[in-house]
Amino acid sequence: MNKQVFNPYLPSFEYIPDGEPHLFDGRVYIYGSHDLFNGVSFCLGDYVCWSAPEDDLTDWRYEGIIYRRSQDPNGKRGILNAMYAPDVCRGNDGKYYLYYFIGYRGLISVAVCDAPAGKYEFLGFVKYKDGTPIGKKNEPLQFDPSVFVDDDGKAYLYTGFAPVGYPAVLLGGHKPSLHGAMCWELEDDMLTVKGGFKYIGIKGKTESANSDYEGHEFFEASSMRKFGGKYYFIYSSYEGHELCYAVSDKPDGDFKFGGTLVSIGDVGLNGRTKKDALNYLGNTHGSIIELNEKYYVFYHRQTNRHQFSRQACAERIELTDGRYIQAETTSCGLNGSALNGRGTYSSHIACNLYGKNGTYTYGVIKKPRKSYPYFTQYGKDREDNPDQHIANFCGGATAVFKYFEILDIKNISVTLRGRVKGNIAVDDGNGKTLATIPVDGKGLKTYSAAWIGENGTHALKFTFHGKGRPDFISFTLE
């Protein structure tokens, strides 16, 4: 089997949300937050980086820790001092600048390095010309920074967080950016702003009524890109589960709503609503990159029954007449084509997962398992049995894998762990039966059945009918 890449595209023990993809000298680098498996809050790990050749997105390489929380003057340990969503740019001086924030202090920190994935060193806080850090003059909360260097060398910083009804104490005493995203122009030192901020037309919840932004208002996760002479501002909407975008002819204003790029529950795709979401909802954050005249949207999914163990995913996305067509969540993601219809595949690459009662929105408290399957792992980290799988694959649970190129297979099997009795029905996602696998046993066991489907490109939809709450480990096509 040729080497392939799946969603999530990093190893199953790795939890990198908020991923910002950037192309530097022929390699794609992913800069994101760092969740911990079964963490007690967001973004508790130090920043790490992964990269891949731009012409081989199957070959992701771990670059190691590039910046530690302890390097920031405010980087004390504790859940109130988490290091959130970073972004990186290459400055006009050829150095690489990492922008991030810690906790809810309202300060944007900057670190610098001579290489895209080297050891970054703390540089300072983004500040006014008088030396006062931005965020210290009663501005809205500085949050989720994005940095962008235009073709003319001008550099811009984007920030913003637009909740409605949050008590000030939850925002560190700051106020939200109710008018949407903010933009600051930076001096050549990449630390000093040239003046005050300006709102750029990305509407928040308080002013979206009767506008194109209604239902897709700006909430957080600013990110800026430029394609074909147009500026694309990517953000997480108030709904949380979707990445949206807006378009302008300039980098600092007049942005018009464009549409949805991706929803982690495929909400909005083909008219799907939240109550029929195909995955567990929660926040997502990411951006777009163009590679060899193809576009990819990077985002993250939710796992482990809460919002603190999020994983990096990506999809091909089509740009037509300057507008993006919402991408479908898939298992094949960056692979460039359907997956090979032979071999063994881990269950954690399911792109849709739901129970007999559908899905729900993950929060900050882990819910009991009840009738809902979920992604998890046995060990705590990469050294401790890190393989992810689907747990609680109970009666009515469904996992969908898209897509596979099937050619002349005769058998399909599933490996389960736990006590189970019943069958697993496999269809193509449109109701056409591909196999029915009897399952009756306990412990770690593999169950098989004849494949009765046809050749071609298929989704594989597995639904358990019976008793038990097994772990769904993997499946094999042969």
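Cross-link partners for LYS136 among the lysines, with Cα-Cα distance under 18 Å and sequence neighbours closer than 8 places in the same chain left out: LYS127, LYS175, LYS194, LYS198.
Accessible area of GLU121 (1.4 Å probe, protein heavy atoms only, ligands and nucleic acids ignored): about 100 Å². Computed with a 1.4 Å probe over protein heavy atoms only, the accessible surface of the chain comes to 39 Å² per residue.
In whole percent, and with a 1.4 Å probe on the protein chains, what portion of the accessible area of the chain is carbon and sulfur?
Numbers: 8980 of 18750 Å².
Using a 1.4 Å probe with all protein chains present, the chain comes out at 48 percent carbon and sulfur.
The lysines whose alpha-carbon is closer than 18 Å to the alpha-carbon of LYS3, local same-chain residues fewer than 8 away aside, are LYS402. In a DSSP loop and with at most 16 other Cβ atoms within 10 Å, the trypsin sites (Lys or Arg not before Pro) in the stretch 1-109 are LYS3, ARG68, LYS76, ARG77, LYS95. Think of the chain as a dipole: +1 on every Lys or Arg Cβ, -1 on every Asp or Glu Cβ, centred on the Cα centre; then among LEU353, GLY268, TYR104, LEU353 lies furthest on the positive end. Centre-to-centre, using Cα atoms only, the stretch 13-63 and the stretch 215-256 are separated by 22 Å. The stretch 136-153 and the stretch 183-213 have Cα centres lying 8 Å from one another.
For the set LYS250/LYS294; LYS154/LYS226; LYS119/LYS380, the pairs lying more than 19 angstrom apart at their alpha carbons are LYS250/LYS294; LYS119/LYS380. Straight-distance candidates among the aspartates and glutamates for linking to LYS205, with alpha-carbon spacing under 14 Å and chain neighbours fewer than 8 residues away dropped: GLU214, GLU217, GLU220, GLU239. Counting only the heavy atoms of the protein chains, how much of ASP188 is accessible to a 1.4 Å probe, in Å² to the nearest 10? About 130 Å², rounded to the nearest 10.
Could you tell me the distance between the Cα centroids of the stretch 327-371 and the stretch 71-130, to the nearest Å? If we compute the Cα centre of each part, the gap is 33 Å.
Please label the shape of the stretch 207-267 as rounded, prolate or oblate, based on the square roots a ≥ b ≥ c of the eigenvalues of the alpha-carbon gyration tensor (a/c under 1.5 means rounded; beyond that, a/b larger than b/c means prolate, else oblate). Oblate, since a/c reaches 1.5 and b/c is not below a/b. Here the Kirkwood formula, the inverse mean of 1/r across different C-alpha pairs, assigns the stretch 307-396 a hydrodynamic radius of 15.8 Å.
Take every pair of alpha-carbon atoms less than 8 Å apart whose residues are at least six positions apart; their mean separation over the length of the stretch 1-99 yields a relative contact order of 22 percent.
The values are calculated or read from the model by the stated rules, or taken from the named source; none is laboratory data. All of these numbers come straight from a predicted model, not from anything done at the bench. No Cβ is skipped: glycine too gets one built from the backbone with ideal geometry, and neighbour counts run over all protein chains shown. Heads up: the accessible areas ignore ligands, DNA and RNA and are worked out on the full protein's heavy atoms, side chains in. Shrake-Rupley method; radii C 1.70, N 1.55, O 1.52, S 1.80 Å.
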